[in-house]
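Just so you know, all these numbers are worked out from the coordinates, no wet-lab data involved. What you see is a predicted model, and the numbers here were worked out from it, not measured in a lab. Note: ideal-geometry Cβ built from the backbone for every residue, glycine included; neighbour counts use all protein chains shown.
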Amino acid sequence: MRKKNNKWSSLACCFVLATGYAAAANEAENLVENPGFEVVHPYTVPEKLKDLFVASEIPDNWGPNPNNPTKLVIVSDAEASHGGSNSVKIEPIDSESKATSALAYSTRFKVLAGDKYSLSVWAKGEGKLILMCYAFEPQDVAIPAIGGDRYRAISSTEWAEQKIEFTIPEGVESVAPAFHIQGIVTLDDVTFQRVAP
Ligand SMILES: [Ca+2]
């Protein structure tokens, strides 16, 4: 057993629905679909996730991570959103809880070691936020997430952009962007791009 002790990655292998990989990355193209959460669909929480996830609708291409009990609310209010009509509020199911909740992209991107990527999101609220990519070796082995090393304090009713840049380590074949949150944080307008090496 190796490199399987990372708490961020252990679930990702179960959740991220890699039925196919996204197309190869062109530089400076935003690779995520539905980056502003404008497309949503009704959602019925599966029985096995009933204690772990609360949502009546979720954005297309995005979903929960059952390792991190999460309440997800679509905020349908152009005034309150950073762009478009919708943003996504992430909070713990138990309002007293200090547990980490999560929002994850539901498709993995094939990557090459040494390539440089950036991940950004606009955020507001009262809590903490980590931007990261779940990472996978060939044969779907989940390994420690990339970039998930620092919580950023979010404490404002004004939107602010949060961003990380990282280089794909050796051995990583695919990644999926994700946000881990403590407290109540609203997100909008994600950008995931390959940047010049
Ligand atoms: Ca939006």
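Points worth noting:
- Selected residue (only one of 168, 181, 164 is touching an Asp or Glu at 6+ places or on another chain (Cβ under 6 Å) and either more than 16 Å from the ligand (Cβ to nearest atom) or hydroxyl-bearing (Ser, Thr, Tyr) (or both)): 168
- Scanning the range 95-127 for residues that are touching a Gly at 6+ places or on another chain (Cβ under 6 Å) and over 20 Å from residue 37 (Cα atoms) yields 126, 127.
- Residues in the range 33-57 that are outside any loop (DSSP other than H, G, I, E, B) and either within 16 Å of the ligand (Cβ to nearest atom) or more than 17 Å from the chain's Cα centre (by Cα) (or both): 40, 41, 42, 47, 48, 49, 57.
- A search for C-beta distances below 9 Å between a residue of the range 78-93 that is outside any loop (DSSP other than H, G, I, E, B) and any residue that is acidic (Asp, Glu) and within 12 Å of the ligand (Cβ to nearest atom), counting only pairs 6+ apart in sequence or on different chains, returns 86/38; 86/77; 86/188; 87/77; 87/188; 87/189; 88/188.
- Residue in the range 156-169 that is more than 24 Å from residue 60 (Cβ to Cβ), out of contact with any Ser or Thr (no Cβ under 9 Å at 6 or more places or on another chain) and surrounded by 19 or more Cβ atoms within 10 Å (Cβ to Cβ) present: yes
- When 196, 178 are checked against the criterion of being more than 27 Å from residue 95 (Cα to Cα), in contact with a strand residue (DSSP E or B) (Cβ under 9 Å, 6 or more places away or on another chain) and in contact (Cβ under 8 Å) with a residue 40 or more places away in the chain, 196 stands alone in meeting it.
- Residue list for the range 68-101, restricted to those being more than 12 Å from the ligand (Cβ to nearest atom) and either at positive phi or surrounded by 20 or more Cβ atoms within 10 Å (Cβ to Cβ) (or both): 68, 69, 70, 72, 90, 91, 92, 100, 101
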